[in-house]
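Inspection log for the structure reproduced underneath, given as structure tokens.
The values are calculated or read from the model by the stated rules, or taken from the named source; none is laboratory data. Values in this document were obtained by computation on a predicted structure and should not be read as measured data. No Cβ is skipped: glycine too gets one built from the backbone with ideal geometry, and neighbour counts run over all protein chains shown. Note: areas computed on protein heavy atoms with side chains; ligands, DNA, RNA excluded. Shrake-Rupley method; radii C 1.70, N 1.55, O 1.52, S 1.80 Å.
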Amino acid sequence: MSKLLYITANPKVDSKLSKGAQIGEVFLEEFKKIQPDVGIEHMHLYSMDIPEIDMDLLYGRAKLSFMGYTKDQLSEGERTKLEKMHALAERFIAADYYVFVTPIWNLGAPPILKSFMDCMFLHGKTFTNTENGPKGLLTGRKALHIQTRGGIYSTGPLVEFEMGDRYLRKALEFLGFELMDTVYAEGLDHYPKQIPEIMTAAKEKAADAAREMAKAIVTI
């Protein structure tokens, strides 16, 4: 059975408090109308134990990749964290469709999203090196980013300062994904009186994206 991985990076669990979650729910409802048999797994990153790159992971990965160590020669901390990283990557790789729902914080993505994506960069599993440079191995997959923004980043002086969507798109592109146009709701803090209109427009775009993704042929 095909699977959609729905990834949220916001400490607000209640969708009533999260505008991103409200937009994401519209996406899911529309997607399920067309693909009712696709399984949906929700990864709420703030409720997960996601290993961060620290001394154990830095040295553990180096020892296995080019220092000639075997897994049995790693320290307990190195081995445990690497096992968590690989297990998380296996769950990620097992999906066919991907939706990320995040806010922009201080020009970038929530730090927990960076920690999560760090776990996806595994040589030989999600990318490889060729004579022409690195090549992503997660091809044939579609990914969508739904992002909420307090300010205006699509036009004006903040365009070059938006690093959340830009980072995620580049990371997924590196891994081989086919990327859909980002669905965003912006100006939510700057124009509070316009929130209903902003949200309505974003939900319509999310529904359109759901229909596009649901009709795509999975080629994994």
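Which members of the range 17-30 meet the condition of being open to solvent by less than 30 Å² (accessible area, probe 1.4 Å) and either out of contact with any Lys or Arg (no Cβ under 8 Å at 6 or more places or on another chain) or not in a helix (DSSP H, G or I) (or both)? Answer for the range 17-30, where residues must be open to solvent by less than 30 Å² (accessible area, probe 1.4 Å) and either out of contact with any Lys or Arg (no Cβ under 8 Å at 6 or more places or on another chain) or not in a helix (DSSP H, G or I) (or both): Ser18, Gly20, Gly24, Phe27, Leu28. Determine the pairs where a residue that is modelled with pLDDT under 95, located within the range 192-213, has a partner that is open to solvent by 10 Å² or more (accessible area, probe 1.4 Å) with Cβ atoms under 9 Å apart, the partner being 6 or more residues away or on another chain. Sorted first by the residue in the range 192-213, then by its partner, the list stays empty.
For every residue, the table says whether it meets (1) among the aliphatic types (A, V, I, L, M); (2) out of contact with any Ser or Thr (no Cβ under 7 Å at 6 or more places or on another chain); (3) under 30 Å from Lys3 (Cβ atoms).
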residue: Asp49; (1), (2), (3): no, yes, yes
residue: Leu57; (1), (2), (3): yes, yes, yes
residue: Phe66; (1), (2), (3): no, yes, no
residue: Tyr69; (1), (2), (3): no, yes, no
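Somewhere in the range 62-84, is a residue touching a residue at least 24 places away in the same chain (Cβ under 8 Å), within 30 Å of Ala216 (Cβ to Cβ), open to solvent by less than 80 Å² (accessible area, probe 1.4 Å) and of a type outside the set (D, E, K, R)? The answer is no; no qualifying residue exists.
The residues of the range 91-116 that are open to solvent by less than 10 Å² (accessible area, probe 1.4 Å), assigned to a helix (DSSP H, G or I) and of a type outside the set (Phe, Trp, Tyr) amount to a single one, Leu113. Exactly one residue out of Leu5, Leu58, Leu88 is open to solvent by less than 40 Å² (accessible area, probe 1.4 Å) and in a helix (DSSP H, G or I), and it is Leu88. When the range 7-41 is limited to residues that are touching a helix residue (DSSP H, G or I) at 6+ places or on another chain (Cβ under 7 Å) and hydroxyl-bearing (Ser, Thr, Tyr), the one that is modelled with the lowest pLDDT turns out to be Ser15.
Scan the range 123-170 residue by residue and report those that are under 13 Å from the mean Cα position of the chain (by Cα), outside any loop (DSSP other than H, G, I, E, B) and surrounded by 13 or more Cβ atoms within 10 Å (Cβ to Cβ). If the condition is that a residue be under 13 Å from the mean Cα position of the chain (by Cα), outside any loop (DSSP other than H, G, I, E, B) and surrounded by 13 or more Cβ atoms within 10 Å (Cβ to Cβ), then Lys142, Ala143, Leu144, His145, Ile146, Gln147, Gly164, Asp165, Arg166, Tyr167, Leu168, Arg169 are the ones that fit.
The residues of the range 129-164 that are more than 16 Å from Trp105 (Cβ to Cβ) and among the charged types (D, E, K, R), listed by number, are Glu131, Lys135, Arg141, Lys142, Glu160. Considering only residues in the range 111-165 that are touching a strand residue (DSSP E or B) at 6+ places or on another chain (Cβ under 9 Å) and of a type in the set (D, E, K, R), the one that is nearest to Ala95 (Cα to Cα) turns out to be Arg141.
As for the range 34-44, it holds at least one residue that is among the polar types (S, T, N, Q) and in a loop (DSSP other than H, G, I, E, B). In summary, Tyr97 fulfils each of the numbered conditions (1) touching a Gly at 6+ places or on another chain (Cβ under 9 Å); (2) hydroxyl-bearing (Ser, Thr, Tyr); (3) closer than 30 Å to Ile23 by Cα with the single exception of condition (1). With respect to the stated conditions, Thr148 fails to be farther than 21 Å from Ile34 by Cα, touching a Leu at 6+ places or on another chain (Cβ under 7 Å) and at pLDDT below 95.
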